[in-house]
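These notes concern the structure reproduced below.
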Amino acid sequence: MNKNNNIIIVPGEPKSIFFEIFFKAIKILNPKSPLILICNKELLIKETKRYKFKKKIYCINLNELKKKKIETGKIYSINIPFKKISDNHLNRIYLNDYIKTTFDVGLKLIKKKFSNKFLNGPINKEKFLKKKYLGVTEYITSKFKNCKTGMLIYNENLSVSPITTHLPIQLVSKKITKKILIQKIRIVENFFKKILKRNPRIGVTGLNPHCESILDFNEDNIISNTVKKLVEDNINIKGPYPADTVFLRENRKKFDVIIGMYHDQVLTPIKTLYEYDAINITMGLPFLRVSPDHGPNEKMVNKNVSNPTSLIKALEFLDQI
C-alpha cells in the first residue's frame, strides 16, 4: 500500500456530530483509502455502539505503525488517552489537552511521510484556540515552517477563498494590501493547477459596496491595480466585482473560484448556494488538509439527524486525488 493513500483523521471535539456523520459517510461512500482515526478508544467504542456501526475498526499501536500492514478499504484507530471527570462533565483543560494531542499525533505522522492526506473534524475555536489563532487553518499552518497558506471552500462548480479569515470586520481593511492579495491569489492559482489540474478562472470582489473607495481604503490603488498586475503576469483573473452581484447565476458561471476580501463576504453566498456540498481546504501546506465545512454543532449531538454530505465530499476528495 502506498503510504500516501492513507488518510489521517483527527475527529476534533469529542462532543460533536463528527462520529455520527463519519459513520453515515462510510456507509454511503465506502472509501478505498485506509482511514487512520486518531482518537480515544473508549470514546470510539461508545460511538460505534450508539450509531450501530458494524464495520470493523482495527486498533494499532503508534510505535508499531511502521511494521503494521495497512490494507486498502480498512479503518484503523490509534488510541489517545483521555482524562475525564465523568461522562456528563468534560473538563475543558483535559479536553484541550486531548484535542491538541490528537492533532500533534496526526501531524507527526504527516511529517514522517506516513501520509500526505489529513482530515480533521470540527473544533470549538473559542475554547480550543483561545484567540491565539484565527482558525484551524492558521493553527495547522503554525506547525509547519515557511508556509504561506490560504482557505478554500471547494465545490466542483464554484469555490471561494477569503483573503482574510476569522477576522473582526473592523480590522479587515487594515490587513488587505497589494502584497497579501498577490500572495493569496498565487496560492489559489497554484493549488488549482498543481492539485486540481485546472487553470482557474478567478474572479475578485471589492471590499466596499459597489467597489467604491471609502474612508482610508482605496479600491483602485489596492485591488484594481493588483488585478491588472496579475493579468500582466498571465493569470486568468478579473475584477474587482461588487460582492452583491458577482454571485448571480450568469456572473458566477464565468469563474471557477471567487476571491473575497473577508470571511462572510464569500462564505455566506457559497453556503447559500451549495449548503453542505462544499469542503474546507487549506492551500499551501506540504500535504492535503481538508475538513467538513461546519462546526461541532453540539445542539444536534446524539439526535442522529445531521447531514453527512460535507464529510462525504471531503473523504471522496482525498480518496480520489
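Values in this text are rule-based calculations from the coordinates and carry no lab data. In this text, all values refer to a predicted model and were calculated from it rather than measured experimentally. Cβ atoms come from the backbone with ideal geometry, glycine included; neighbour counts cover every protein chain shown.
By definition, a body whose alpha carbon gyration tensor gives a ≥ b ≥ c is rounded when a/c is under 1.5, and region 148-284 falls into this rounded group. Projecting the Cα atoms of THR72, ASN120, LEU44 onto the charge dipole of region 1-144 (Cβ charges, centred on the Cα centre) puts THR72 farthest toward the positive pole. Here the contact order of the chain, divided by its residue count and restricted to Cα pairs under 8 Å and six or more residues apart, works out to 24 percent. Overall, the chain carries a charge dipole of about 1580 debye about its Cα centre when +1 sits on the Cβ of Lys and Arg and -1 on the Cβ of Asp and Glu, all other atoms neutral. The shape of region 34-136 comes out oblate: with a ≥ b ≥ c from the C-alpha gyration tensor, a/c is at least 1.5 while a/b does not beat b/c. Under the convention that each Lys and Arg Cβ holds +1 and each Asp and Glu Cβ holds -1, the size of the dipole of region 144-205 around its Cα centre is about 340 debye. The shape of region 204-261 comes out oblate: with a ≥ b ≥ c from the C-alpha gyration tensor, a/c is at least 1.5 while a/b does not beat b/c. Neighbours of LYS148, meaning other residues whose beta-carbon lies under 10 angstrom from its beta-carbon, give a summed charge of +2 when Lys and Arg score +1 and Asp and Glu score -1.
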